[in-house]
Amino acid sequence: MQETASKDRHHVVIIGGGFGGLYAAQELRGAPVRITLVDKRNFHLFQPLLYQVATGGISPGDIASPLRAILQKQTNVTVLHAEVVDIDPQGRTVRFRDGELQYDSLIVAAGAEKEYFGNQAWEPRAPSLKTVEDALEIRRRVFLAFEAAERETDPEKRAAWMNFVVIGGGPTGVELAGALAELAHGTLKKDFRSIDPRRAQVIVLEGLDELLPAYPDRSSEAARQALERLGVMVSTGRFVKEIQGERVIYQTNGQDTASIETRTVVWAAGMRASSLSDVLEQRAGARLDRGGRVMVGSDLSLAEFPEVLVIGDMAHFAGEDGQPLPGIAPVAMQQGRYVARLLQARLKGRQPTGFAYRDKGMLAVIGRNAAVAVFGRLQFSGFLAWLIWIFVHLWYLIEFDNKLLVLIQWAWNYFTRKRGARLITGEDPLPRQ
């Protein structure tokens with residue numbers, strides 16, 4: 001009898017176990033609904049720290065938590081390990097590769113995907129940093145590059161192995177470049193006999209005229225200076241034209257063309273909303289912006305199908321300045337909580353006010369004792385910003401054991417400058433080109 005009553009409850013299906021989907025599910029704890037959380041991965045990934053996995057600072061398990069473990073005490077949630085390939089808003093059905101599921105309300109929080117702006121052929125040569133697999137592939141290439149340089153006798157070829165190019169000067173590119181420089185100039189400096197890792201060159205290529213374009217000029221300049229102190233070569237106004245087997249060809253402000261000889265390239269220049277946005281465009285008449293994000297109403301719903309709510313990196317929601325909110329974790333968290341409260345209000349016959357984002361600031365770490373922080377009109381950089389960055393990231397890690405493990409790893413790395421996860425995995429002896 002109790003099981004039948006449970007099945008009669010309003011059914012909320014959540015697609016995606018990232019920040020938005022997970023926070024929505026947790027906010028519905030105790031609500032008179034049954035929830036099905038669907039994700040093609042069985043874990044929640046703390047993506048802001050992926051760059052540390054890519055540079056051997058921490059292990060993947062330190063920033064990933066099984067969804068079933070996170071939600072095991074929340075009895076109104078069922079977790080399904082499945083990939084959603086279609087949504088039928090008329091029939092209120094989501095379809096998997098091997099089945100389907102009906103819903104009363106749908107929260108779509110499928111995140112973002114890699115975007116190479118029509119140059120998908122670059123992906124094998126320049127992996128992005130979005131998944132655990134991406135981070136492990138980048139880690140493999142980085143450490144194999146030093147190993148190949150150690151064995152190389154030709155000076156020019158050795159130099160190419162020791163050039164690391166990061167394409168994109170946003171937060172991911174800046175943080176990854178800083179970590180690579182610290183790895184080469186600190187952690188590895190005594191590990192080799194034929195090469196001096198401190199001679200490695202980390203190069204950031206950014207198409208716009210400044211790093212961290214979404215940040216104020218002062219913070220952008222502080223990030224540039226911090227990277228340059230680490231020995232990173234920052235090149236702005238450089239548009240990549242081609243990524244070949246052993247070189248990156250770029251254009252300076254649309255004019256002169258030049259190239260960098262390198263065997264290790266990382267793409268940090270762009271993301272696009274999940275392909276489920278295209279499904280919603282075709283099936284529900286949703287409008288998309290240039291980045292593939294769904295244009296949502298004030299309550300994050302679709303105009304024609306108010307029971308469908310889109311949040312996080314998939315949603316185009318304008319902030320107070322008229323610009324779409326950035327694809328960062330705090331936005332997804334707040335939107336997840338909001339749609340959960342919205343659904344509860346609807347069940348009671350009420351319609352709450354529209355979503356309002358509370359800006360909690362922006363943070364980007366550059367390296368040891370160096371970060372930039374923006375909180376409204378307040379901007380600062382250096383050691384204090386770095387401490388705030390550490391506290392915020394530890395706070396938002398999902399499980400206590402992850403917080404503890406990462407804190408211990410960071411403390412060990414800070415005092416010893418060692419990185420314990422410097423493993424080369426995979427079968428290929430050298431990076432694929």
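The values are calculated or read from the model by the stated rules, or taken from the named source; none is laboratory data. Fair warning: this is a prediction, and the values are worked out from it, not measured in the lab. Note that each Cβ is placed from the backbone with ideal geometry, even for glycine, and that neighbours are counted across all protein chains shown. Please note that ligands, DNA and RNA were not included when accessible areas were found on the heavy atoms of the full protein model with its side chains. Shrake-Rupley method; radii C 1.70, N 1.55, O 1.52, S 1.80 Å.
Its relative contact order, with pairs defined as Cα atoms under 8 Å and 6+ residues apart, puts the stretch 1-86 at 33 percent. Under the criterion of Cα pairs below 8 Å and six or more residues apart, the relative contact order for the chain equals 20 percent.
Among the protein heavy atoms of the chain, carbon and sulfur supply 49% of the accessible surface, probe 1.4 Å, non-protein parts ignored. Rolling a 1.4 Å probe over the protein heavy atoms gives the stretch 316-433 an accessible area of 59 Å² per residue. The angle separating the long axis of helix 383-396 from the principal Cα axis of greatest extent in the chain is about 40 degrees. Using alpha carbons only, how many degrees (0 to 90, rounded to 10) separate the axis of helix 400-416 from the longest principal axis of the chain? Helix 400-416 and the main axis of the chain meet at about 10 degrees. What shape does the stretch 1-156 take by its C-alpha gyration tensor, where a ≥ b ≥ c are the square roots of the eigenvalues and a/c under 1.5 counts as rounded, a/b above b/c as prolate, and the rest as oblate? It comes out prolate by the Cα gyration axes. Based on C-alpha pairs under 8 angstrom that are at least 6 apart in sequence, the stretch 316-403 has a relative contact order of 15 percent. Loop-resident chymotrypsin sites (Phe, Trp or Tyr not before Pro) (DSSP state other than H, G, I, E or B) in the stretch 145-212 with no more than 16 further Cβ atoms inside 10 Å of their Cβ: Phe192.
The aspartates and glutamates whose alpha-carbon is closer than 12 Å to the alpha-carbon of Lys157, local same-chain residues fewer than 8 away aside, are Glu246, Glu261. In this rough spin-label picture, where each label sits 7 Å from Cα along the Cβ direction, the Arg151-Trp412 distance is 2.9 nm. Counting only alpha carbon atoms, the long axis of helix 329-347 and the longest principal axis of the chain meet at about 0°. Please label the shape of the stretch 217-256 as rounded, prolate or oblate, based on the square roots a ≥ b ≥ c of the eigenvalues of the alpha-carbon gyration tensor (a/c under 1.5 means rounded; beyond that, a/b larger than b/c means prolate, else oblate). In terms of gyration-tensor shape, oblate. Listed options for semi-axes √(5λ) of the Cα gyration tensor in Å are (1) 40, 23, 21; (2) 55, 27, 17; (3) 34, 27, 20. The value calculated from this structure is the one marked (1). Distance between the 7 Å Cα→Cβ label points at Thr425 and Ala303: 4.6 nm.
Per residue, the solvent-accessible area of the stretch 138-297 (1.4 Å probe, heavy atoms of protein chains only, all protein chains present) comes to 44 Å².
Remark: accessible surface ordering of Lys114, Lys348 (largest first) is Lys348, Lys114, probe radius 1.4 Å. Its DSSP H runs of at least 4 residues, each contributing -39,500 (n - 2.57), put the calculated 222 nm mean residue ellipticity of the chain at -9500 deg cm²/dmol, to the nearest 500. Note on the chain: antiparallel DSSP beta bridges, both residues inside, total approximately 50 percent of the bridges counted.
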